[in-house]
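The values are calculated or read from the model by the stated rules, or taken from the named source; none is laboratory data. All values reported here derive from a predicted model rather than from experimental measurement. A quick note on method: Cβ atoms are made from the backbone with ideal geometry, for glycine too, and the neighbour counts reach across all protein chains shown.
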Amino acid sequence: MRKVSLVLCAALLFLGCGDDSEKNQDRANNVNNVNNVNNQNNVNNVNNVNNVNNTNNVNNTNNVNNVNNVNNLPDEVTYHNTVRAILESNCTSCHYTGGIGPFPLTTYEEASPLASLMSMVTQAGTMPPWPPQEDCGEFKDPRNLEPIEIMAIKEWADTGAPEGDPNDYVAPPDEQTTNLGAADYVIDIGTEYTPNPAQGRIDDYHCFAIDPGWSGADRFLKAYETHPGNISVVHHMLFWAVDKDEHAARIQQLENEDPSTPGWDCFGGNRVEDVQGLLGGWVPGTAAIEYGADQGFRLPSNSVFIVQLHYNTLNNENPDRTTVDLHFTDGEPATKLAMYPMPDTDLYVPAGADNATAGLSIPIPINIDVYGLFPHMHQLGKSIKVEASRGGTDTCMVNIPNWDFNWQGIYLYDEPMTVRSGSQLKLECVYDNTPGNQANGQQPRDVTWGEGTFDEMCLNYFIIEELPFDF
Ligand code: HEC
């Protein structure tokens, strides 16, 4: 185990021996490439409301323009002049009939009776679900509301949720269209799986192994798009590529645990491979993930895919068959991306502790560009934070101040964040192991690293350029 926690550190120290002037040139290009993708890909972004401003009738005093100006909400905030566009940009990707949100918010009739509740949850910051703290990291497609949007919903609720005039409505731009073309390979769980949570629970974490039967050269993933089969139960998806020969026996063993169901129960990871091989994931509202031109994730030809689906049966227990469309680069891309784990496998959370901490700090001997992050803990987690510190200055990279295991995400930066040589990368996790914070109402007990429901993790993945050796 200890070996794993030093992986990123050892890898970077090794790289530090080389000359990286040529790489810097590459990196300059990457920054541009990523920018290009951002432009095509702005999804569910509060800035979209700004875009609306530029293209729409500025003379209309009652339109969405006002939402961006704290001092300038319309005299009367109505559903049509303000609230509808806010809901369509930020809420209806989940809150539509059949979506993961427990009720639809797509019409005045649906939304108005819930105005006060919406006002409460948006002020409390629990909806829309967007765990990262705002002042830390510039991420793509943030799902948080602007203060003025929160004020608009409050004002609307406080004044009796008036409908207003449908002619005042200005549609937010359509963010969800993707033009990736035909997939090069489709990961298909291959079966209609009916979520089957344990007695008294609503969540089921289930893993499936899919062997693409590949041979020949490695492929490189430049984009992927997830198609949940049953959007009302699929809460999130994560997928990995693991080595077939190395893991075939373990996968068979897991499949055999319950021969009556395809796949196997898996809670905090995939139970095949502790931390390596993660490729990406999906949460409701995520559009296609597309990396920059000439960038891609390596998919070794000897891979087996593992898909973890988190099903939430709050709405129903109907079957699901989720697929993921993969799109490959033509040949090897100039920039090969990979996810590198930084775990504290020595974590120890004593029974009863309400502020136990775990984490580690590693020296960075070269400049690295970080394209994205994926922080991960289990159910005792309270907060998790990644920082880069150098010369006494801490740069916040991601901060989840109120960890919620049910709302995890992979956060991609708008532009890669450069961590400069001589920095320390710091990961800090905080846990609450008091009786009030136990998953199944059981007694607190001493907890260490592991994949089980009652184990914990303190882990962050960094999306950076692939390092030139295996680990
Ligand atoms: C990513 C999906 C998603 C988005 C986006 C989203 N919600 Fe939700 N919402 C949910 C889910 C799922 C629940 C059920 C509770 C939970 O799992 O947190 C919920 C619950 C709620 C509730 C009930 C909360 C309670 O305590 O009873 C309200 C009200 C709500 N959402 C309003 C909104 C509003 C308003 C927006 C946009 C500003 C929004 N939601 C955006 C998924 C979403």
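Condition first: of a type in the set (S, T, N, Q), modelled with pLDDT of 95 or more and more than 19 Å from E163 (Cα to Cα). Can you find one or more residues in the stretch 125-141 that meet it? Spell out the reasoning first.
First pass over the stretch 125-141, keeping only residues of a type in the set (S, T, N, Q): 126, 133.
Right, trim to modelled with pLDDT of 95 or more and you get none.
Checked against the condition, which is being of a type in the set (S, T, N, Q), modelled with pLDDT of 95 or more and more than 19 Å from E163 (Cα to Cα), the stretch 125-141 yields no hits at all.
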I want to confirm something. Restricting to the stretch 278-301 and keeping residues that are closer than 26 Å to D141 by Cα and polar (S, T, N, Q), which single residue is nearest to the chain's Cα centre (by Cα)? T286
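If I go through the stretch 307-318 residue by residue, how many of them are crowded, with 21+ Cβ neighbours inside 10 Å and away from the ligand (no atom under 13 Å from the Cβ)?
Final tally of qualifying residues: 3.
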Hey, could you check the stretch 386-408 for residues that are under 15 Å from C458 (Cα atoms) and without any contact (Cβ under 8 Å) to a residue 60 or more places away in the chain and say which is nearest to the ligand (Cβ to nearest atom)? F405
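Filter the stretch 355-378 down to the residues that are within 17 Å of C429 (Cα to Cα) and either out of contact with any helix residue (DSSP H, G or I) (no Cβ under 8 Å at 6 or more places or on another chain) or in the same structural domain as P131 (by TED's automatic domain parsing) (or both) and list them by number.
N355, A356, T357, A358, G359, S361, L373, F374, P375, H376, M377, H378
Can you go through Q443, Q424 and tell me which one is assigned to a loop (DSSP other than H, G, I, E, B), more than 24 Å from the chain's Cα centre (by Cα), surrounded by fewer than 19 Cβ atoms within 10 Å (Cβ to Cβ) and not hydrophobic (A, V, I, L, M, F, W, C)?
Within the list Q443, Q424, the selection yields Q443.
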Of the conditions (1) basic (K, R); (2) assigned by TED's automatic domain parsing to the domain that holds N315; (3) part of a loop (DSSP other than H, G, I, E, B), the single one that R143 does not satisfy is (2)
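Condition (residue is in a loop (DSSP other than H, G, I, E, B), in contact with a Gly (Cβ under 7 Å, 6 or more places away or on another chain) and touching a residue at least 40 places away in the same chain (Cβ under 8 Å)) applied to the stretch 192-205: is it met by at least one residue?
Initial filter on the stretch 192-205 (in a loop (DSSP other than H, G, I, E, B)): 192, 194-202.
Next, from what is left, pick out any that are in contact with a Gly (Cβ under 7 Å, 6 or more places away or on another chain): none.
No, there is no match, as no residue in the stretch 192-205 is in a loop (DSSP other than H, G, I, E, B), in contact with a Gly (Cβ under 7 Å, 6 or more places away or on another chain) and touching a residue at least 40 places away in the same chain (Cβ under 8 Å).
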If T286 satisfies every condition in (1) within 16 Å of the ligand (Cβ to nearest atom); (2) free of Cβ contacts under 8 Å to residues at least 40 places away in the same chain but one, which is the exception? (2)
Taking the stated definitions as given, is V272 in contact with a helix residue (DSSP H, G or I) (Cβ under 8 Å, 6 or more places away or on another chain) and touching a residue at least 12 places away in the same chain (Cβ under 8 Å)? yes
Hey, any hits in the stretch 374-385 for a residue that's assigned to a strand (DSSP E or B), crowded, with 19+ Cβ neighbours inside 10 Å, at pLDDT below 95 and of a type in the set (A, V, I, L, M, F, W, C)? yes
Give the residue that is farthest from the ligand (Cβ to nearest atom), with candidates limited to residues of the stretch 96-134 that are part of a loop (DSSP other than H, G, I, E, B) and within 18 Å of Y169 (Cβ to Cβ). T107
One residue from V242, V275, V304 being of a type outside the set (S, T, N, Q), within 20 Å of the chain's Cα centre (by Cα) and either more than 16 Å from the ligand (Cβ to nearest atom) or buried (at least 16 other Cβ atoms within 10 Å of the Cβ) (or both): V275
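Among the candidates L326, L337, L314, single out the residue that is not in a strand (DSSP E or B) and not basic (K, R). Before you say what the answer is, go through the steps one by one.
Working: L326 fails: not in a strand (DSSP E or B); L337 fails: not in a strand (DSSP E or B).
The conditions single out L314.
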